[in-house]
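Structure first, then comments.
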Amino acid sequence: MTNAVEIRELHKSFGDLEVLKGIDLDVAQGEAVVLLGSSGSGKSTLLRCINFMEEPTSGRVSLNGDLIGTEQGGRMRYRESDLCQLRTRIGMVFQHFNLFPHKTVLENVMEGQVIVLGRSKAEAKEKAMAQLARVGLEEKAPEYPARLSGGQKQRVAIARALAMDPEVMLFDEVTSALDPELVGEVLKTMRQLAEEGMTMVCVTHEIGFAYHVANKVCFLHQGQILEQGAPQVVLKTPETSRVREFLEGHSLFKLPE
Amino acid sequence: MNHNWNFASVFAYWEVLAVGLWGTLVLFVICTGLGLSGGLIMGMLRYSKSRWVNYPARLYVEVFRNTPVLVQIIWFFFALPVLTGIEVTPFLAAILGITLNTIAFSAEVFRGGIQSIEREQWEAGKAIGMSYGQTMRRVILPQALKRMLPPLTSRGIEVFKMSTLASVVAYPETLQQAKLIASYEYNPIEAYTVVALIFFVVLLPMVQLTYVLERRFGKSDA
Amino acid sequence: MHEWDFAATLADMDLLLLGLWNTIQVFVLALAFGVPLGLGLALGRMSRTPVLSQLCSFVIEFFRTTPPLVQLFWFFFALPILISVQMTPFVASVLTFSIQSSAFFAEIFRGGINSIDKGQWEAAKAIGMTRKASLRRIILPQAVKRMIPAFAERSIELLKTTTLISTVSYADLMFQANELASKTFRPLEVYTVVAVMYFFLILVFSQITILLEYRLAKSGEGTMR
Ligand SMILES: Nc1ncnc2c1ncn2[C@@H]1O[C@H](COP(=O)(O)OP(=O)(O)O)[C@@H](O)[C@H]1O
Ligand SMILES: [Mg+2]
């Protein structure tokens, strides 16, 4: 079976600052991968290179067997229209929700379907309602985002991404901006998605989520993957002192014995 | 587009232009000086809690903000003498129109700036025993002035441009002098191009300055 | 003391009303051309193509720093000789004030667009929208709401600036006032009435924009936060 995402020798620099220094990562179909690492280690950048919110400086990214971009003179070239098309196949959820405040919840979830995928309004509405039901927010469809709690906003953002029928979902610290009591509802939605077989790559500091839900965790340090493997292995018996210290830093969380 | 540009025909009259520039400068200095200091006072009156002070100040501001400066200048030039019997020179009409207008606009800037300072600052002043006037002078205004710097600079730029309206009552400022040159030499293209460039060269640095100030002290609303 | 007498002024009110109508025509046309042109200049200035961006910046700064009266004279007296066309006061006025106000509208557009959170661009991009679609569907609708007060203020400035066209003998309200004042020898009454007319014209206009802002604010997320 082809991998949902394959990343080879990925490098990314911002000017002189090299943020990703050769990343190789496979995400199998239906797999949930969690990226861990301290702040500034390059987690967001890696995630954003998967859907080309950032263009990699070098390296290759494939989505379900399709190599993104074309090779020319030893470098990868990307056409903006191809990248737009690619992004419709990958859903992304942000730390700060980024809902469209001038559109209702329903319109938020319909927007991409109608404008980008060219679906009819009726079809888009039906799909939107189905996704809102999936995240438990059907009754909020006519509301504006300003009327929702943070947790509800984030679930709408998830529904908006899901409505595009993505092959992969990317989550970038989606619970970090939430009040503690609202974190649970979002994690529950994500867990449910993972159990339904959605391919997911998540940056999160919720080690419990990583432990219980992920099939694989990757620990990033200074732009490289320091350790990767099953969560029960990496989180319980880390090989490097770096990962051990990182996990000890999250002392609030106790792994189950 | 086969016009033969002949700027020499303008610069031959450099002394005429120099008189105009001087006239513009005089208007600018007097009107910004009086306009901004008057605006500060008017802004305080607008800020006052007493209706007897606040309402007339508001009326003044609204009237002068919501009528065109040109109407004001013309009114002072043609109508005021009828009303008072005092002769009004072009210079005086221009000064009156532009200054009173600037007072009204800058009053709103000052009021907005003062209002933008948090209540806590007033309370902090009070708490250490300062009077209203002392708190205003020593605590509120110094902070507010920083925020007001960008919009006040924009006001200055507007005044500089507004000074050209004095040409309507034949006060010898830059545009009026260019008009003279254009009518002697039949060279309106060069004459007005030179005037436009003069303003551009003088005001561009000031516009750049407002950008710098905005970045340092926050957004201007003008 | 002067004896106020409005009879002569009021008898020729139709002259002033004609002037008012002409003023409104130039104002509306300058707005209709100036706003889209301003959007174009703003997008040009924000473009990633350096030449286009610098060119638009230059146009914007030039028309912001030069006095509108100088621009008007240039378009009325200089341009027709330069390109050998007939220039009427009306065309020169609409041309001048469209371009002049577009420079100011451009800066309002730019400020409005820049004030929108970067996350909105990102969210639109992430669902596969092109830059153009993001701008049109997501960014501009939000930016425009925030711009309304600045927009109204600038339009009022434009309305007041239209008085300058009296200097090139276009029969706007100001020009008609000058005519009437010399005809009736009653400058005090004429100019006072005209000032009041401008005052109410502007008052009506600003009330409309306040109403508009209020209506927009009620529909979902508004400008007031
Ligand atoms: N657009 C950008 N321009 C310049 N530097 C950036 C940009 N985005 C991220 N960086 C830098 O790249 C590094 C990694 O950032 P990021 O991927 O956001 O880390 P993480 O998500 O792990 O905290 C940081 O040093 C950050 O400052
Ligand atoms: Mg991050």
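What the table shows:
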quantity	calculated
Protein heavy-atom accessible area occluded, C/B pair - total, 1.4 Å probe, Å²	3600 Å²
Probe 1.4 Å, accessible area per residue of the range C:1-150, Å²	44 Å²
Unit charges at the beta carbon, dipole of the range B:23-217: most positive-side option, B:184, B:145, B:39	B:145
With Cα atoms, 0 to 90° folded angle of helix C:187-218 axis to chain C main axis	20 degrees
Computed over chain B, Cα set: Rg, Dmax in Å	21.0, 75
Accessible surface of the range A:106-257 [probe 1.4 Å, protein heavy atoms]: carbon and sulfur percent	48 percent
Area accessible to solvent at residue B:184, 1.4 Å probe radius, in Å²	140 Å²
Signed unit charges on C-beta, dipole axis of chain A, positive-most listed residue A:90, A:30, A:228	A:90
Lysine pair count for the range C:49-198 [Cα-Cα under 30 Å; pairs on different chains or 8 or more apart]	6
Descending Cα extents along the principal axes, the range B:1-124, whole Å	67, 40, 28
Euclidean distance of C-alpha centroids, the range B:78-100 and the range A:202-223, integer Å	77 Å
Residues of the range C:57-84 buried by at least 40 Å² on assembly (accessible area, 1.4 Å probe, chain alone as reference)	C:61, C:62, C:64, C:65, C:67, C:69, C:70, C:73, C:74, C:81, C:82
Computed over chain B: relative contact order in percent, which uses C-alpha pairs under 8 Å that are six or more apart	30 percent
Residues of type lysines that residue A:216 reaches as a straight line, Cα spacing below 16 Å, ignoring anything fewer than 8 places off in the same chain	A:43, A:236
Residue-normalised accessible area of the range A:99-166, given per residue in Å² at a 1.4 Å probe	39 Å²
Rounded to 10°, Cα long-axis angle of helix C:13-46 versus longest principal axis of chain C	20 degrees
Partner aspartates and glutamates for residue B:146 [C-alpha distance under 16 Å; skip if fewer than 8 residues away on the same chain]	B:108, B:118, B:214, B:221
Within the accessible area of the range C:1-97 (1.4 Å probe), percent carbon and sulfur	74 percent
Shape of chain C, Cα gyration tensor, a/c cut at 1.5	oblate
Degrees, to the nearest 10: C:173-184 long Cα axis against longest axis of chain C	10 degrees
Nearest-20 debye value, chain C charge dipole, Cβ charges on Lys, Arg, Asp, Glu	1480 debye
Extreme residue, positive dipole direction of the protein assembly as shown, given options C:2, C:98, B:28 (C-beta unit charges)	C:2
Whole-number accessible area per residue in Å² for the range B:23-217, which is evaluated in the context of all protein chains at 1.4 Å	45 Å²
Listed residues B:36, B:59, B:152, most fluctuating in chain B (Gaussian network, C-alpha, under 10 Å)	B:59
Long-range amide H partners of residue A:227 with built H, under 5 Å	A:219
Positions from the range C:140-154 whose accessible area shrinks by 30 Å² or more when the full protein complex is built, not the chain alone, probe 1.4 Å	C:142, C:153
Relative contact order for chain A, counting Cα pairs under 8 Å that sit 6 or more residues apart, in percent	26 percent
All lysines inside 19 Å of residue B:49 as judged from Cα atoms, apart from same-chain residues fewer than 8 positions distant	B:126
Carbon + sulfur, % of accessible area of the range B:23-217 - ligands and nucleic acids excluded, 1.4 Å	65 percent
Those residues of the range A:37-86 for which accessible area with every protein chain present is at least 10 Å² below the isolated value (1.4 Å probe)	A:48, A:53, A:84
Relative contact order %, the range C:7-219, counting alpha carbon pairs below 8 Å whose residues are six or more apart	30 percent
Dipole in debye (nearest 20) - the protein assembly as shown, about Cα centre, beta carbon charges: Lys, Arg +1; Asp, Glu -1	640 debye
Heavy-atom accessible area order for A:115, A:68, largest first, 1.4 Å probe	A:115, A:68
Value at 222 nm in deg cm²/dmol, rounded to 500, when DSSP H runs of n ≥ 4 in chain A each add -39,500 (n - 2.57)	-10500 deg cm²/dmol
A/C buried area, accessible surface, summed, 1.4 Å probe, Å²	1800 Å²
Computed E for residue B:132/residue B:59 - FRET, C-beta separation, R0 35 angstrom, nearest 0.05	0.90
Surface accessible to a 1.4 Å probe, residue A:49 within the full protein complex, Å²	0 Å²
Computed magnitude of the charge dipole of the range A:99-166 (debye, nearest 20; Cβ of K, R +1, Cβ of D, E -1)	120 debye
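The values are calculated or read from the model by the stated rules, or taken from the named source; none is laboratory data. Fair warning: this is a prediction, and the values are worked out from it, not measured in the lab. Please note: Cβ atoms are built from the backbone with ideal geometry, for glycine as well, and neighbour counts cover all protein chains shown. For accessibility, only protein heavy atoms count, side chains too; no ligands or nucleic acids. Shrake-Rupley method; radii C 1.70, N 1.55, O 1.52, S 1.80 Å.
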